[in-house]
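Structure, as structure tokens:
What follows draws every value from the coordinates through simple rules; no lab data is involved. Nothing here was measured: the structure is a model prediction, and the numbers come from that model. Ideal geometry is used to build each Cβ from the backbone, glycine not excepted, and the neighbour counts take in all protein chains shown.
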Amino acid sequence: MKECFVIMPIGSGDAYETYHNRYKHIIEPAVQDLKIDGEQVFRSVRADFVSKSGSITRDLLTRLYRSAAVIADLTDLNPNVFYELGVRHALRSGTILIALKGTKPPFDVGDLRVIPYEDRVGAEKEAIPQIQEILKSLLESELPIDSPVLHAIPQLSELGEVKEYEARLTSIERDREVLRAQLDISERANLANQGTLEALRKAIENLIRQLSEPERRKAAESFESMVQKRKENIEISPAAKLRDVEVDRESIFVLMPLGQKLEPIYDVIQQAAQKAGLRTMRADQILAGGSILDQIFENIAHSGLIIADLTGRNQNVMYELGIANTMGKKTLLLAQNIEEVPFDVRHQRVLVYDMSFKDVKILEEKLIASFKQYIDDEG
């Protein structure tokens, strides 16, 4: 059975109940009630329902990496959801976007299809068939590309480990069904050879065990091999494969909310980069023709270092940061308040600053030191 992983806000108190009800009445039945030839095809999994020891972030990203389908609820424009959506879009296709009616998606995903739903009794009957329609299309052998990242950067290949995992899982499920059929025939025939019957039982038990923990462990180990350690932090990075992409090690692409408020900070980043012999680029400075969004993705791919200012928990910044981390890019995070840093990236190093003249000068010094370290690391 294929896994459909759900990324959505979790919240607490009344907010938790609201999100939980949406999951139970819309998402879960859309996924688990879908049947092909009378058989359930997908099982629905949500991050906070996964009872597993270890890193929650690592488990979440592993599921984004190997799930056949992902449903992302964009309601309330949660920054963690957009980070996870960026990770998924940089990895593979097979993503369904939904949102409460009236939600206005941010620029980066504004052109993508979003299935609307409503918080009223009976409204689920409108959303569920639309979700199931897309889930059915994901079962086709030639999966349509629904990721704007993979559209913009054809060199960004879907990870081969995903297909290997799914092929292994399919093979085990097929073998399990064959053995169960043999066992059923043997029991109905009441064969005298109890040794054969016992051997079949053991074979089935072994396959069922393979289908659960060992297979998940193999997939997790494959993912873990891509995890990069940087200093004291563990950065979760599936490191999607970029082929034939020339990286400019002297180029820094800056992800930040646009507007006058953070303009002085961009000036500081630019000055620090120049003093270190590096160059900066920001989305509003892109002069090349074509899609702005494609240009953003391409600049992320071609730049050696990515700086992301998380001030304001901007959804576009979080989405693009998810893409950058998945590409295995070296990143440097900034924020005016550590509490503004979303949960999914709190394990990464963050330079915290305020807008006072003194602190801005300190930020410039820290940036210069970070840039010099980056240059040394690149050799």
> Label THR18 and GLU118 with points 7 Å out from Cα along Cα→Cβ: what is the distance between them in nm?
Replying inline: 1.8 nm
> Quick one: which of 305-315, 284-294 comes out on top by average Cβ neighbours within 10 Å, and what's the full order, highest first?
Replying inline: 305-315, 284-294
>> What does the extension gain come out to for GLU263 and ASP76, with contour length at 0.36 nm per residue minus their alpha carbon separation?
In response: 64.7 nm
> Can you give the net charge of the other residues whose Cβ lies under 14 Å from the Cβ of GLY259, counting K and R as +1 and D and E as -1?
Replying inline: -2
> With a ≥ b ≥ c the root eigenvalues of the C-alpha gyration tensor of the range 2-146, is it rounded (a/c under 1.5), prolate (a/b larger than b/c) or oblate?
Replying inline: rounded
> What does the charge add up to near ILE300, with Lys and Arg as +1, Asp and Glu as -1, over the other residues with Cβ less than 14 Å from its Cβ?
Replying inline: -3
> Going by a ≥ b ≥ c, the root eigenvalues of the Cα gyration tensor, does the range 239-378 fall in the rounded group (a/c under 1.5), the prolate group (a/b larger than b/c) or the oblate group?
Replying inline: rounded
> Given the pairs LYS104/LYS366; LYS261/LYS372; LYS330/LYS358; LYS104/LYS330; LYS329/LYS372; LYS101/LYS125, which span a C-alpha to C-alpha distance of over 25 angstrom in this model?
Replying inline: LYS104/LYS366; LYS261/LYS372; LYS330/LYS358; LYS104/LYS330
